[in-house]
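**Student:** Please see the structure below; I have some questions.
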There are 2 protein chains.
Amino acid sequence: MTDPATLTPRGRRTRDAILRAAEEVIGARGFNGAAIVDITRAAGIAQGTFYIYFDSKEAVFRTLVEEMGRFTRRSLSEATAGAKDRLEAERLGLRAFLEIAATRPLLYNIVEEARFVAPEAYDAYFTGFARAYSRNLEAAARDGTIRAGDAEIRAWALMGLAVTLGERYGQRNPEADRDRVVSEVFDMLERGLRP
Amino acid sequence: MTDPATLTPRGRRTRDAILRAAEEVIGARGFNGAAIVDITRAAGIAQGTFYIYFDSKEAVFRTLVEEMGRFTRRSLSEATAGAKDRLEAERLGLRAFLEIAATRPLLYNIVEEARFVAPEAYDAYFTGFARAYSRNLEAAARDGTIRAGDAEIRAWALMGLAVTLGERYGQRNPEADRDRVVSEVFDMLERGLRP
């Protein structure tokens, strides 16, 4: 496998075509239902060419999970850049996450399937998010923007809520009214359920 | 395949041995990593006997998902039977759910893998829960036990949070302090994050 950093522009385009084809084929059929030949056919390249870029179907799969991680982090950090405080950042972050789930449904599938296909990549994905999330919640509790509480437990709870809402009101239902979903959820998260 | 309702006591024991072996083998290796022969070997029966009870590996898998659904519903309704109001029922329900995740980690894996292996069973599982959950939240909002809000969106948000916390503080970490997790999460859910 060639180190991606040493690829020519043409090599980078081919590698990218393989990744997009793999997203489409594996995301739609699942890891076990997708063969390398399906990926190379969708990418319009010879089967042997695949191995110049990736060692195996597992390798291209792991690369997609890592790509989804980078893409999600970048999207969230762009979406929350102008937030005036943590609660607004949470709200904008959830809104952006639901949008990612709606617009990249196959990549969303791949991250969920990683739990079974590439457990280390799955763990790295969520543990990385949880760590960054906890730090943000901790800082917000310190400066009084949110009430004090266990940042790590809150981070996992909020991530879990986002993942399922992303599936329900994004990935499987791109027509859902996501602004309303975010409003309802934030009414609960900011003010609580207690009457 | 024999209708389970017509089985003799001995037949029921054999069917149950197959289900427990399938839970263990599929839960540990994943659906694609587990062969029927692994299941029959673990159950201590001849391979042909399997087909008296189930048509395929998919069939035994779907039965496990349905079983997990019944088991979870029964556990939650037992756990919440004595609750004085909806918020207490939510708290007791989450506590019981984390315990299920800690004590039946393999069955938990199977429900999550159903998303890819038996999507209709997965949908039925979560949609059934969401419907019952929404009804409870709606009734509580009507009688003023919780603040008014969209019951369906809240139900999916709360289920998502429970699924991820179950994975994190139950299935993967049976030693976690689940009482503390539930306290922290309910502090957020009841009173909200706003300072």
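A short reminder: the numbers here are calculations on the coordinates, not readings from a lab. In this text, all values refer to a predicted model and were calculated from it rather than measured experimentally. Note: ideal-geometry Cβ built from the backbone for every residue, glycine included; neighbour counts use all protein chains shown.
**Student:** For residue A:83, are the conditions met, namely being more than 30 Å from residue A:145 (Cβ to Cβ) and either part of a loop (DSSP other than H, G, I, E, B) or free of Cβ contacts under 8 Å to residues at least 40 places away in the same chain (or both)?
**Tutor:** No, not satisfied.
**Student:** Now for a separate question. In this structure, does residue B:78 turn out to be within 18 Å of the chain's Cα centre (by Cα) and either surrounded by fewer than 18 Cβ atoms within 10 Å (Cβ to Cβ) or charged (D, E, K, R) (or both)?
**Tutor:** When the stated conditions are applied, residue B:78 passes them.
**Student:** Let me spell it out: the conditions are (1) without any contact (Cβ under 8 Å) to a residue 40 or more places away in the chain; (2) crowded, with 18+ Cβ neighbours inside 10 Å; (3) under 15 Å from the mean Cα position of the chain (by Cα), and residue B:122 meets all of them except one. Which number is the exception?
**Tutor:** Going through (1) without any contact (Cβ under 8 Å) to a residue 40 or more places away in the chain; (2) crowded, with 18+ Cβ neighbours inside 10 Å; (3) under 15 Å from the mean Cα position of the chain (by Cα) one by one, residue B:122 breaks only (1).
**Student:** Also, quick follow-up: Could you give me the residue pairs with C-beta distances under 8 Å whose first residue belongs to region B:149-172 and is within 7 Å of chain A (Cβ to nearest Cβ) and small (Gly, Ala, Ser), whose second residue is buried (at least 21 other Cβ atoms within 10 Å of the Cβ) and not in a helix (DSSP H, G or I) wherever it lies, and which are 6+ apart or on separate chains?
**Tutor:** Correct list of pairs: B:149/A:193.
**Student:** If we scan region B:37-55, do we find a residue that is among the hydrophobic types (A, V, I, L, M, F, W, C) and loosely packed, with under 14 Cβ neighbours inside 10 Å?
**Tutor:** yes
Yes/no per residue for (1) within 17 Å of residue A:155 (Cβ to Cβ); (2) touching a Phe, Trp or Tyr at 6+ places or on another chain (Cβ under 6 Å):
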residue	(1), (2)
A:36	no, yes
A:54	no, no
A:70	no, no
A:73	yes, no
A:91	yes, yes
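**Student:** Can we say residue B:110 is in contact with a Leu (Cβ under 6 Å, 6 or more places away or on another chain) and either within 23 Å of residue B:24 (Cα to Cα) or touching a residue at least 40 places away in the same chain (Cβ under 8 Å) (or both)?
**Tutor:** Spelling it out, residue B:110 is indeed in contact with a Leu (Cβ under 6 Å, 6 or more places away or on another chain) and either within 23 Å of residue B:24 (Cα to Cα) or touching a residue at least 40 places away in the same chain (Cβ under 8 Å) (or both).
**Student:** If you don't mind, another one. Take the conditions surrounded by 14 or more Cβ atoms within 10 Å (Cβ to Cβ), under 18 Å from the mean Cα position of the chain (by Cα), within 14 Å of another protein chain (Cβ to nearest Cβ) and part of a loop (DSSP other than H, G, I, E, B) and apply them to residue B:61. Does it pass?
**Tutor:** No; evaluated as a whole, the condition is false for this residue.
**Student:** For residues in region A:125-155 being small (Gly, Ala, Ser) and within 30 Å of residue B:113 (Cα to Cα), which is farthest from the chain's Cα centre (by Cα)?
**Tutor:** In this case the residue turns out to be A:151.
**Student:** Then there's this: Quickly run through region A:86-112 and pick out the residues that are part of a helix (DSSP H, G or I), under 12 Å from the mean Cα position of the chain (by Cα) and either of a type in the set (Lys, Arg) or within 17 Å of residue B:168 (Cα to Cα) (or both).
**Tutor:** Residues satisfying the conditions are A:111, A:112.
**Student:** Sticking with this structure for a sec: Does region A:137-193 hold any residues that are buried (at least 21 other Cβ atoms within 10 Å of the Cβ) and outside any helix (DSSP H, G or I), and which are they?
**Tutor:** A:146, A:192, A:193
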